[in-house]
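The values are calculated or read from the model by the stated rules, or taken from the named source; none is laboratory data. Please read all numbers here as calculations on a predicted model, not as lab measurements. We place every Cβ from the backbone using ideal geometry, glycine too, and count neighbours over all the protein chains shown. Accessible surface is based on the protein model in full, side chains and every heavy atom, while ligands, DNA and RNA are left aside. Shrake-Rupley method; radii C 1.70, N 1.55, O 1.52, S 1.80 Å.
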Amino acid sequence: MSSPARDELDAELMRTLAEGDDLALNRLMDAWSQPLISYLMRLTGSHATACDLAQESFVRVHRHRLEYRTSQKFSTWLFAIATNLARNHARWRSRHPEALTEPENLRELPIASTHASPDQQAAANERLAAVQKAVSELPHDMREVLILSTWHGQSHTEIARVQNTSEKAVELRLYRARKLLREMLGGQL
């Protein structure tokens, strides 16, 4: 979703938000809510949790609007905030497993082509469900890299900033994530 024009508009919106125009946040939310929820959904496996974390991410954007540097990409900054919130949520979940009432929701399955037979659609949906389940079982840092790279098209540089690591570490995590996925999925694909 990011482009040079989008990056410039985001930087301008953050500048006006920092100057006190709270409506600029609405425009940022309009542009980035869906990609952010999609990213968080893949990280957490829960649509409701993804929506909550996305909303909290925008609260943090507003709270820290004066700290944003227009020299950095807004999307990278936003996804770093969301990633940190998702990590905190995962840590909380591991300490409070009994508090979870929502079952894992990995049913964000797009339907196969309408020209495909019902058998082909079912097979495609089964493959997609297997991939989503395998992705959800990856170690957190590998899952983040894979999702940011594959589904959100972020560069290794952007992912390194989100994860607060080096580009080489991102490359290695992405390589390991793909290798692990191939092993987990075996002959299913």
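Looking at Trp32, is it closer than 23 Å to Gln154 by Cα and open to solvent by 20 Å² or more (accessible area, probe 1.4 Å)?
When the stated conditions are applied, Trp32 does not pass them.
One residue is enough: does the stretch 141-153 have a residue meeting the conditions over 21 Å from Gln34 (Cα atoms) and either under 18 Å from the mean Cα position of the chain (by Cα) or in contact (Cβ under 8 Å) with a residue 60 or more places away in the chain (or both)?
Yes, the stretch 141-153 contains a residue that is over 21 Å from Gln34 (Cα atoms) and either under 18 Å from the mean Cα position of the chain (by Cα) or in contact (Cβ under 8 Å) with a residue 60 or more places away in the chain (or both).
Can you name the residue in the stretch 35-50 that is without any contact (Cβ under 8 Å) to a residue 60 or more places away in the chain and touching a helix residue (DSSP H, G or I) at 6+ places or on another chain (Cβ under 6 Å) and, of all such residues, is surrounded by the fewest Cβ atoms within 10 Å (Cβ to Cβ)?
Applying the filter and picking the extreme gives Ile37.
What number goes with the only condition from (1) among the acidic types (Asp, Glu); (2) at pLDDT 85 or above; (3) open to solvent by 30 Å² or more (accessible area, probe 1.4 Å); (4) under 17 Å from the mean Cα position of the chain (by Cα) that Glu108 does not pass?
(2)
Restricting to the stretch 14-29, name every residue that is under 23 Å from Gly153 (Cα atoms) and open to solvent by less than 10 Å² (accessible area, probe 1.4 Å).
Result: Met14, Leu28.
Filter the stretch 162-189 for residues that are buried (at least 19 other Cβ atoms within 10 Å of the Cβ) and either among the β-branched types (Val, Ile, Thr) or in contact (Cβ under 8 Å) with a residue 60 or more places away in the chain (or both) and give the result.
Val162, Gln163, Val170
Please give the helices (runs of 4 or more DSSP H) falling wholly within the stretch 121-189 in which 2 or more residues are closer than 14 Å to Thr76 by Cα and not aliphatic (A, V, I, L, M).
On the way: elements: 140-150, 156-163, 167-185.
Because the criterion is at least 2 residues that are closer than 14 Å to Thr76 by Cα and not aliphatic (A, V, I, L, M), the helices (runs of 4 or more DSSP H) in the stretch 121-189 that meet it are 140-150, 156-163.
Exactly one condition in (1) more than 18 Å from Thr83 (Cβ to Cβ); (2) open to solvent by less than 60 Å² (accessible area, probe 1.4 Å) is not met by Thr157; state its number.
(1)
Being open to solvent by 50 Å² or more (accessible area, probe 1.4 Å) and of a type in the set (S, T, N, Q) is the filter here; which residues of the stretch 134-154 pass it?
Residue satisfying the conditions is Thr150 alone.
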